[in-house]
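To start, the structure under review is shown below, and the notes come after it.
The values are calculated or read from the model by the stated rules, or taken from the named source; none is laboratory data. Computed from a prediction, not measured in an experiment: that's the story for all the values here. So basically every Cβ, Gly included, is an ideal-geometry build from the backbone, and we count neighbours across all protein chains shown. Side chains are part of the model used for accessible areas, which takes the heavy atoms of the whole protein and leaves out ligands, DNA and RNA. Shrake-Rupley method; radii C 1.70, N 1.55, O 1.52, S 1.80 Å.
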Amino acid sequence: MIVLSGGTGTPKLLRGLTNLVEPSRLSVVVNTAEDIWALGNLISPDLDTVVYTLAGIGNEEKWWGIKGDTHHTSQFLRSLGCQELMALGDKGRAINILRSELLRQGRSLSGATDALTKALGIKNTVIPMTDDRVSTMIKTPEGEIHFQEFWVGRKGQPKVLALHYQGIEDAKPSPGFLELLDSEDEILIGPSNPVTSIGPILSLPGVRERLKGKRILAVSPLVGNKPVSGPAAKFMTAFGVPANDDGVKAILGDIDTFVVDRGSSYEGECVRLDTLMRTGEDSLRLARDLVELISCS
Ligand code: GDP
């Protein structure tokens, strides 16, 4: 099974799925359009959260960073007058330094990710969607800015006029993603932001064509018609679709099974489940329901 993931909703689900599905049968393809170079290192937020979740070291309150991490380096940097866009924890920074060093030595992002997952003892395959540079850019009344500048730097406040995935036309799906698309028939689109997390993966040249004929199950990231966290609603409106499950479905396109929350007002064909994952038990419960759905379909 291939799971398509961003950095919050789907990692919550992975926390449950890893208890039920053998690592060799659960591969994760991760959005990289939120990646950004900062202070000489490549921060890849969604890859980091997926990797930390699978290694069992993630901060599951914030779904960002490593649990119990310290912030000595970012605090010292601040005292030196350097305000980072994304304040990293010390261990999280170590991961970013190592990833970037591997890239500087000539490895691809896939190669660097493979080395990091092995070093952390992860048995699942974790693959960036592409080894090429793709950036989600947000058009605001004051100009176009990178997603992280919008979401972290400007706290998601500017009006969003439009957005696009810079570099997507020339990007190739990573070799590992292509191999998985050749070998796997089951796709699980996790409950991640359809515009900024799943959209870029599906928009890579050739991906939608290669998904044809596969069994695709998607879980909506909306609970009670609203995002649990993050800017999905604002982006969906800017993307020209309604900020509800009709909009999620419109962005995802052809899927076989659309799982929405019981509180959704979606009226199309769907399966209704309790999709809010506050705790590890919630994640396990939803993962169990989905595995059952997949094995029955
Ligand atoms: P990002 O890369 O950090 O933006 O993270 P994702 O795209 O993976 O996740 C953000 C989306 O996850 C938001 O649209 C949330 O509504 C959704 N989400 C977060 N927690 C949950 C949850 O418990 N259940 C569901 N169904 N969606 C969730």
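Here are the numbers for the structure shown:
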{"quantity": "Verdict on Asp48 being among the charged types (D, E, K, R), within 16 Å of the ligand (Cβ to nearest atom) and surrounded by 14 or more Cβ atoms within 10 Å (Cβ to Cβ)", "calculated": "yes"}
{"quantity": "Near pairs, Cβ below 9 angstrom, 6+ apart or cross-chain, from region 62-76 (within 16 Å of the ligand (Cβ to nearest atom)) to any residue that is among the polar types (S, T, N, Q) and part of a loop (DSSP other than H, G, I, E, B)", "calculated": "Trp63/Thr8; Trp63/Ser229; Trp64/Thr8; Gly65/Asn59; Ile66/Asn59"}
{"quantity": "Residues being away from the ligand (no atom under 16 Å from the Cβ) and not aromatic (Phe, Trp, Tyr) - total across region 19-41", "calculated": "13"}
{"quantity": "Residues of region 240-251 satisfying the condition of being more than 13 Å from the ligand (Cβ to nearest atom) and at negative phi", "calculated": "Val241, Pro242, Asp246, Lys249, Ala250"}
{"quantity": "Yes/no for Thr196 being farther than 17 Å from Leu276 by Cα, of a type in the set (S, T, N, Q) and modelled with pLDDT under 95", "calculated": "no"}
{"quantity": "Top-ranked residue in region 209-234 [being open to solvent by 40 Å² or more (accessible area, probe 1.4 Å) and among the basic types (Lys, Arg); ranked as farthest from the ligand (Cβ to nearest atom)]", "calculated": "Lys212"}
{"quantity": "Condition broken by Glu34, with the remaining ones in (1) open to solvent by less than 30 Å² (accessible area, probe 1.4 Å); (2) farther than 23 Å from Ile127 by Cβ; (3) assigned to a loop (DSSP other than H, G, I, E, B) satisfied", "calculated": "(2)"}
{"quantity": "Region 202-240, residues that are in contact (Cβ under 8 Å) with a residue 24 or more places away in the chain and part of a strand (DSSP E or B)", "calculated": "Arg215, Ile216, Leu217, Ala218, Val219, Leu222, Val223, Pro227"}
{"quantity": "Leading residue by the ranking (farthest from Ala238 (Cα to Cα)) among those in region 125-155 that are under 16 Å from the mean Cα position of the chain (by Cα) and polar (S, T, N, Q)", "calculated": "Thr125"}
